[in-house]
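Encoded as structure tokens, the structure appears first; notes follow it.
The values are calculated or read from the model by the stated rules, or taken from the named source; none is laboratory data. If you're wondering where the values come from, they're calculated on a predicted model, not measured in any experiment. Cβ placement follows ideal geometry from the backbone for every residue including glycine, while neighbour counts extend to all protein chains displayed.
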Amino acid sequence: MIVEILKRVALAVAALAATVSLAAADGAPSWLKPPLKKPLDQLVIGLSFPLLDPWGATYESSFIAYAKELGVKVVVLDSQADVPKQSNDIRDLVAQGVDTVIALPLNNRAIVAALGESHAAGIPVVLSNGRVAPEGEQYVTAWTGPDHYKTGYLSGQMLIDAAGEKANVVIISGTPGTESGDRREKGCRGALAAHPGATLLDAQPANFQREKAQTIMETYITRFGDKIDGVCANDDDMALGALAAINAAVSAGRLKPDHIKITAGASQKEGYEEIKKGGSFYGSVLMQPDDASRLALKTAIEVAEGQPVAKEQYYDTPPYTLKNIDQTPVPTY
């Protein structure tokens with residue numbers, strides 16, 4: 001009996017070894033468990049892309065590079081910041097019969113119908129970096145991205161650390177109606193609320209645009225002057241716009257040098273270099289587009305292969321200031 005059991009164990013081990021060997025021969029990464037529904041080189045993953053800004057350009061290039069590394073075919077459609085076009089792009093991906101649709105929502109309600117059509121066609125949907133309106137959640141298999149509330153909260157907490165418990169703060173937020181804009185603003189507000197001595201003077205959206213952020217900051221300076229102790233911006237681009245307005249006011253003698261501190265909820269290489277100078281721009285939160293694209297593609301492949309995935313998946317977004325910037329990777333865009 002013991003001999004027979006040992007023979008069965010040996011056969012099972014041999015079968016497992018053969019399966020693992022086959023998976024390795026197929027080039028499947030370790031996070032995919034055999035057997036696969038399709039060889040990786042037969043998968044086609046569709047990406048519906050909202051716009052091609054610097055963050056998006058890096059997301060797209062790293063997405064394509066990772067797909068090439070894995071041997072997966074991808075179809076990338078850029079909606080060019082056109083809301084109706086994004087819905088039509090998703091329908092185009094469905095018509096092409098991709099195995100999974102990845103969408104970065106430009107508008108969380110406008111794409112619900114198109115996502116429903118993808119679901120009805122049996123093509124699963126993975127959202128990246130933005131959520132859909134509640135009525136569309138039923139069509140989404142998985143969501144991947146950063147915790148936008150957390151990044152906003154971290155930027156607010158860093159601002160209190162820099163400007164003090166009784167700081168007077170203004171917020172420059174992103175695009176209203178987007179998860180990144182709304183959640184980061186709420187996170188910053190949450191951090192300020194945790195410090196009863198801090199005062200929020202005003203909050204205005206700059207739609208993630210540097211020039212608009214500069215204009216808003218100029219208005220803040222006209223209204224509040226040296227009463228402002230800190231600026232909580234939703235990303236580095238808007239923080240740099242605010243910094244330009246502050247520097248101009250300092251040069252004109254309207255503000256004291258280095259009095260106003262700035263923090264941001266998402267990093268850029270240019271902002272990283274500004275923080276290293278140790279001036280008004282105090283800190284930011286590392287949010288790599290490479291991490292976003294790789295997590296989205298990995299999840300889409302797992303879904304296409306019928307493997308279980310968590311409904312929500314986050315990548316790490318550590319905060320940094322001059323104190324730890326040398327231990328923080330340089331942003332990739």
- [ ] Name, by its number, the condition in (1) within 23 Å of the chain's Cα centre (by Cα); (2) at pLDDT 95 or above that does not hold for Ser251.
- [x] (1)
Open item on the list: When you check Arg183 against the structure, is it among the charged types (D, E, K, R), over 17 Å from the mean Cα position of the chain (by Cα), under 27 Å from Gln288 (Cβ atoms) and outside the structural domain of Gln307 (by TED's automatic domain parsing), yes or no?
Closed with: no
Open item on the list: Looking at segment 225-238, I want the residues that are more than 21 Å from Ser251 (Cβ to Cβ) and have a partner that is among the charged types (D, E, K, R) with Cβ atoms under 8 Å, at least 6 apart or on another chain. Which pairs are those?
Closed with: Asn234/Arg184; Asn234/Glu185; Asp235/Arg184; Asp236/Glu270; Asp237/Arg210
TODO: Mind listing whichever residues of segment 201-220 are surrounded by fewer than 23 Cβ atoms within 10 Å (Cβ to Cβ), of a type in the set (A, V, I, L, M) and under 23 Å from Gln268 (Cβ atoms)?
DONE: Ala203
Open item on the list: On the basis of being of a type outside the set (Gly, Ala, Ser), surrounded by 13 or more Cβ atoms within 10 Å (Cβ to Cβ) and at pLDDT 95 or above, does Gln86 make the cut?
Closed with: yes
TODO: Test Trp55 against the criterion of being over 18 Å from Leu104 (Cα atoms) and touching a residue at least 24 places away in the same chain (Cβ under 8 Å), and give yes or no.
DONE: no
TODO: Test Ala194 against the stated conditions and say whether it is free of Cβ contacts under 8 Å to residues at least 40 places away in the same chain and over 30 Å from Ile301 (Cβ atoms).
DONE: yes
TODO: Please state which of the following conditions Asp316 fails to meet, knowing it meets all the rest: (1) charged (D, E, K, R); (2) in contact (Cβ under 8 Å) with a residue 60 or more places away in the chain; (3) under 22 Å from Gly187 (Cα atoms).
DONE: (2)
Task: Breaking point among (1) assigned to a helix (DSSP H, G or I); (2) in contact with a Phe, Trp or Tyr (Cβ under 9 Å, 6 or more places away or on another chain), for Leu93 - done: (2)
Open item on the list: Kindly evaluate Cys188 against the criterion of being closer than 14 Å to Gly152 by Cβ and either part of a helix (DSSP H, G or I) or out of contact with any Ser or Thr (no Cβ under 6 Å at 6 or more places or on another chain) (or both).
Closed with: yes
Open item on the list: Every residue in segment 146-185 that is closer than 18 Å to Phe281 by Cβ, of a type in the set (S, T, N, Q) and part of a helix (DSSP H, G or I), please.
Closed with: Thr151, Ser155, Gln157
Open item on the list: Whether any residue in segment 238-250 is more than 15 Å from Ile325 (Cα to Cα) and either among the hydroxyl-bearing types (Ser, Thr, Tyr) or outside any helix (DSSP H, G or I) (or both) is what I want to check.
Closed with: no
- [ ] Select, from Glu137, Glu117, the only residue that is touching a residue at least 12 places away in the same chain (Cβ under 8 Å), surrounded by fewer than 24 Cβ atoms within 10 Å (Cβ to Cβ) and in a helix (DSSP H, G or I).
- [x] Glu117
Open item on the list: Being more than 29 Å from Asp237 (Cα to Cα) and loosely packed, with under 15 Cβ neighbours inside 10 Å is the filter here; which residues of segment 47-70 pass it?
Closed with: Lys68, Glu69
